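The values are calculated or read from the model by the stated rules, or taken from the named source; none is laboratory data. As the structure is a prediction and not an experimental result, all values here were calculated from the model. With ideal geometry, Cβ positions are generated from the backbone for all residues, glycine too; neighbour counts draw on all protein chains shown.
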(Lines give C-alpha, C1' and ligand atoms only; values in the text may rest on other atoms or scores of the structure.)
Protein backbone atom coordinates (compact mmCIF):
# COMPACT_ATOMS: atom_id res chain seq x y z
CA UNK A 1 0.00 0.00 0.00
CA UNK A 2 3.01 2.26 -0.35
CA UNK A 3 2.20 5.69 -1.69
CA UNK A 4 -1.52 5.36 -1.02
CA UNK A 5 -3.74 7.24 1.40
CA UNK A 6 -6.67 5.51 3.05
CA UNK A 7 -9.65 7.53 4.24
CA UNK A 8 -11.75 5.75 6.85
CA UNK A 9 -15.23 6.89 7.81
CA UNK A 10 -17.40 5.11 10.37
CA UNK A 11 -21.12 5.53 11.01
CA UNK A 12 -22.89 4.01 14.02
CA UNK A 13 -26.55 2.94 14.33
CA UNK A 14 -28.59 1.06 11.78
CA UNK A 15 -30.04 4.31 10.48
CA UNK A 16 -28.72 7.85 10.26
CA UNK A 17 -31.00 10.77 11.03
CA UNK A 18 -30.86 13.59 8.50
CA UNK A 19 -31.87 16.80 10.28
CA UNK A 20 -33.66 19.34 8.12
CA UNK A 21 -33.96 23.09 8.85
CA UNK A 22 -36.45 23.89 11.67
CA UNK A 23 -38.94 25.52 9.32
CA UNK A 24 -38.83 22.73 6.77
CA UNK A 25 -42.25 21.14 6.11
CA UNK A 26 -40.61 17.79 5.39
CA UNK A 27 -40.22 15.14 8.11
CA UNK A 28 -36.80 14.04 9.26
CA UNK A 29 -35.49 11.14 7.20
CA UNK A 30 -34.01 7.92 8.55
CA UNK A 31 -31.68 6.22 6.07
CA UNK A 32 -30.78 2.53 6.62
CA UNK A 33 -27.07 1.78 6.69
CA UNK A 34 -27.50 -0.64 3.77
CA UNK A 35 -28.77 2.27 1.67
CA UNK A 36 -25.95 4.48 2.92
CA UNK A 37 -23.42 1.86 1.85
CA UNK A 38 -24.93 1.88 -1.65
CA UNK A 39 -24.77 5.67 -1.76
CA UNK A 40 -21.10 5.60 -0.79
CA UNK A 41 -20.40 3.11 -3.58
CA UNK A 42 -22.27 5.27 -6.08
CA UNK A 43 -19.78 8.08 -5.50
CA UNK A 44 -17.05 6.08 -7.23
CA UNK A 45 -18.51 3.27 -9.30
CA UNK A 46 -19.28 3.58 -13.01
CA UNK A 47 -20.16 1.39 -16.00
CA UNK A 48 -17.33 -0.93 -17.01
CA UNK A 49 -15.83 -1.17 -13.51
CA UNK A 50 -14.98 -4.33 -11.58
CA UNK A 51 -16.57 -4.82 -8.15
CA UNK A 52 -16.74 -7.45 -5.42
CA UNK A 53 -19.51 -8.50 -3.08
CA UNK A 54 -17.50 -10.19 -0.33
CA UNK A 55 -20.63 -11.58 1.37
CA UNK A 56 -23.24 -12.59 -1.21
CA UNK A 57 -25.98 -13.46 1.28
CA UNK A 58 -29.37 -13.04 -0.42
CA UNK A 59 -27.77 -11.19 -3.32
CA UNK A 60 -29.01 -7.65 -2.72
CA UNK A 61 -25.56 -6.05 -2.81
CA UNK A 62 -24.49 -8.28 -5.70
CA UNK A 63 -27.47 -7.12 -7.75
CA UNK A 64 -26.78 -3.49 -6.85
CA UNK A 65 -23.15 -3.78 -7.95
CA UNK A 66 -24.05 -5.65 -11.15
CA UNK A 67 -26.50 -2.95 -12.14
CA UNK A 68 -24.01 -0.22 -11.26
CA UNK A 69 -21.16 -1.56 -13.41
CA UNK A 70 -23.48 -2.47 -16.27
CA UNK A 71 -23.02 -5.13 -18.96
CA UNK A 72 -19.47 -3.98 -19.71
CA UNK A 73 -18.40 -4.37 -16.07
CA UNK A 74 -17.78 -7.41 -13.88
CA UNK A 75 -18.82 -8.41 -10.38
CA UNK A 76 -17.36 -11.26 -8.31
CA UNK A 77 -19.65 -12.42 -5.50
CA UNK A 78 -18.27 -14.60 -2.68
CA UNK A 79 -19.98 -16.80 -0.11
CA UNK A 80 -19.12 -20.11 1.53
CA UNK A 81 -22.76 -21.17 1.86
CA UNK A 82 -24.34 -22.97 -1.09
CA UNK A 83 -27.74 -21.58 -0.11
CA UNK A 84 -26.43 -18.02 -0.41
CA UNK A 85 -24.93 -18.71 -3.82
CA UNK A 86 -28.22 -20.27 -4.95
CA UNK A 87 -30.34 -17.39 -3.65
CA UNK A 88 -28.04 -14.86 -5.31
CA UNK A 89 -28.12 -16.75 -8.59
CA UNK A 90 -31.94 -16.74 -8.52
CA UNK A 91 -32.03 -13.01 -7.86
CA UNK A 92 -29.62 -12.27 -10.69
CA UNK A 93 -31.54 -14.50 -13.09
CA UNK A 94 -34.81 -12.74 -12.23
CA UNK A 95 -33.14 -9.39 -12.85
CA UNK A 96 -31.63 -10.54 -16.16
CA UNK A 97 -28.08 -9.84 -14.98
CA UNK A 98 -25.29 -11.91 -16.53
CA UNK A 99 -22.17 -9.95 -15.56
CA UNK A 100 -21.59 -11.72 -12.22
CA UNK A 101 -19.26 -14.57 -11.33
CA UNK A 102 -20.46 -16.42 -8.23
CA UNK A 103 -17.64 -17.88 -6.15
CA UNK A 104 -18.32 -20.41 -3.41
CA UNK A 105 -15.20 -19.67 -1.41
CA UNK A 106 -14.25 -17.68 1.66
CA UNK A 107 -13.80 -13.98 1.11
CA UNK A 108 -10.42 -14.46 2.77
CA UNK A 109 -9.37 -16.16 -0.50
CA UNK A 110 -10.32 -13.28 -2.81
CA UNK A 111 -6.85 -12.63 -4.15
CA UNK A 112 -6.32 -16.30 -4.93
CA UNK A 113 -9.74 -16.70 -6.54
CA UNK A 114 -9.72 -13.62 -8.77
CA UNK A 115 -8.26 -13.64 -12.27
CA UNK A 116 -5.09 -11.59 -12.71
CA UNK A 117 -6.97 -9.01 -14.77
CA UNK A 118 -8.92 -8.00 -11.65
CA UNK A 119 -5.96 -7.48 -9.30
CA UNK A 120 -5.54 -3.84 -8.24
CA UNK A 121 -8.42 -2.97 -10.56
CA UNK A 122 -11.36 -3.20 -8.17
CA UNK A 123 -13.46 -0.06 -7.78
CA UNK A 124 -15.76 -1.22 -4.99
CA UNK A 125 -15.87 -4.02 -2.41
CA UNK A 126 -18.83 -4.57 -0.09
CA UNK A 127 -18.94 -6.52 3.18
CA UNK A 128 -22.26 -7.16 4.94
CA UNK A 129 -21.17 -9.29 7.87
CA UNK A 130 -23.12 -11.51 10.23
CA UNK A 131 -25.42 -14.36 9.22
CA UNK A 132 -27.49 -15.12 6.13
CA UNK A 133 -30.91 -13.47 6.56
CA UNK A 134 -33.47 -16.23 6.83
CA UNK A 135 -30.73 -18.82 7.27
CA UNK A 136 -29.05 -20.57 10.18
CA UNK A 137 -28.02 -17.83 12.64
CA UNK A 138 -25.31 -20.11 14.00
CA UNK A 139 -23.46 -19.76 10.68
CA UNK A 140 -21.87 -16.32 10.77
CA UNK A 141 -18.84 -14.56 9.38
CA UNK A 142 -15.74 -15.09 11.53
CA UNK A 143 -13.47 -12.31 12.65
CA UNK A 144 -10.29 -14.13 11.62
CA UNK A 145 -11.33 -14.59 7.99
CA UNK A 146 -13.02 -11.17 7.93
CA UNK A 147 -9.79 -9.40 8.88
CA UNK A 148 -7.82 -11.32 6.25
CA UNK A 149 -10.45 -10.40 3.66
CA UNK A 150 -10.34 -6.71 4.56
CA UNK A 151 -6.54 -6.76 4.35
CA UNK A 152 -6.73 -8.36 0.91
CA UNK A 153 -9.31 -5.78 -0.14
CA UNK A 154 -6.84 -2.97 0.44
CA UNK A 155 -4.44 -4.57 -2.03
CA UNK A 156 -7.16 -5.25 -4.58
CA UNK A 157 -8.52 -1.72 -4.76
CA UNK A 158 -7.74 0.56 -7.67
CA UNK A 159 -6.78 4.17 -6.84
CA UNK A 160 -9.97 5.90 -5.73
CA UNK A 161 -11.61 2.56 -4.87
CA UNK A 162 -13.83 2.04 -1.87
CA UNK A 163 -14.63 -0.68 0.68
CA UNK A 164 -17.79 -0.63 2.79
CA UNK A 165 -18.02 -2.87 5.86
CA UNK A 166 -21.33 -3.29 7.69
CA UNK A 167 -20.96 -5.02 11.07
CA UNK A 168 -23.59 -6.31 13.47
CA UNK A 169 -22.53 -6.30 17.15
CA UNK A 170 -25.93 -7.64 18.22
CA UNK A 171 -25.51 -11.26 17.14
CA UNK A 172 -23.37 -13.94 18.77
CA UNK A 173 -19.74 -13.08 18.05
CA UNK A 174 -20.73 -9.91 16.24
CA UNK A 175 -19.57 -7.49 18.92
CA UNK A 176 -16.10 -9.02 18.96
CA UNK A 177 -15.95 -8.98 15.15
CA UNK A 178 -17.00 -5.33 15.01
CA UNK A 179 -14.41 -4.35 17.62
CA UNK A 180 -11.67 -6.24 15.82
CA UNK A 181 -12.58 -4.57 12.51
CA UNK A 182 -12.28 -1.16 14.16
CA UNK A 183 -9.00 -2.09 15.84
CA UNK A 184 -7.64 -3.31 12.51
CA UNK A 185 -8.54 -0.05 10.81
CA UNK A 186 -7.06 1.95 13.66
CA UNK A 187 -3.84 -0.06 13.33
CA UNK A 188 -3.21 0.92 9.73
CA UNK A 189 -0.12 3.14 9.33
CA UNK A 190 -0.89 6.68 10.49
CA UNK A 191 0.73 8.25 7.44
CA UNK A 192 -1.74 6.35 5.23
CA UNK A 193 -4.91 6.65 7.31
CA UNK A 194 -7.38 9.38 8.19
CA UNK A 195 -9.66 8.11 10.94
CA UNK A 196 -13.11 9.46 11.76
CA UNK A 197 -14.52 8.45 15.16
CA UNK A 198 -17.85 6.60 15.18
CA UNK A 199 -20.89 8.72 15.98
CA UNK A 200 -22.02 8.39 19.62
CA UNK A 201 -24.79 5.87 20.20
CA UNK A 202 -27.09 4.97 23.05
CA UNK A 203 -27.30 1.44 21.67
CA UNK A 204 -23.99 -0.44 21.95
CA UNK A 205 -25.22 -3.32 19.76
CA UNK A 206 -26.48 -1.22 16.86
CA UNK A 207 -25.03 -2.06 13.42
CA UNK A 208 -22.01 -0.03 12.29
CA UNK A 209 -20.93 1.04 8.84
CA UNK A 210 -17.23 1.52 8.04
CA UNK A 211 -15.94 2.96 4.81
CA UNK A 212 -12.37 2.75 3.52
CA UNK A 213 -11.42 4.84 0.51
CA UNK A 214 -8.14 4.36 -1.33
CA UNK A 215 -6.55 7.43 -2.86
CA UNK A 216 -3.77 7.32 -5.45
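Being surrounded by fewer than 19 Cβ atoms within 10 Å (Cβ to Cβ), in contact with a helix residue (DSSP H, G or I) (Cβ under 7 Å, 6 or more places away or on another chain) and within 16 Å of residue 50 (Cβ to Cβ) is the filter here; which residues of segment 98-115 pass it?
Correct list: 99, 111.
The conditions are (1) over 20 Å from residue 123 (Cβ atoms); (2) at pLDDT 95 or above; (3) part of a loop (DSSP other than H, G, I, E, B), and residue 57 fails exactly one of them. Which is it?
Just one mismatch for residue 57, condition (2).
Quick check on segment 44-67. Is at least one of its residues farther than 21 Å from residue 166 by Cα, crowded, with 18+ Cβ neighbours inside 10 Å and out of contact with any helix residue (DSSP H, G or I) (no Cβ under 6 Å at 6 or more places or on another chain)?
Checked against the condition, which is being farther than 21 Å from residue 166 by Cα, crowded, with 18+ Cβ neighbours inside 10 Å and out of contact with any helix residue (DSSP H, G or I) (no Cβ under 6 Å at 6 or more places or on another chain), segment 44-67 yields no hits at all.
Exactly one of (1) touching a strand residue (DSSP E or B) at 6+ places or on another chain (Cβ under 7 Å); (2) modelled with pLDDT of 90 or more; (3) closer than 16 Å to residue 80 by Cβ is unmet by residue 108. Its number?
Status for residue 108: all satisfied but (1).
Can you confirm whether residue 4 is modelled with pLDDT of 90 or more and surrounded by 12 or more Cβ atoms within 10 Å (Cβ to Cβ)? Talk me through it step by step, then tell me what you get.
Details: modelled with pLDDT of 90 or more: no; surrounded by 12 or more Cβ atoms within 10 Å (Cβ to Cβ): yes.
No; evaluated as a whole, the condition is false for this residue.
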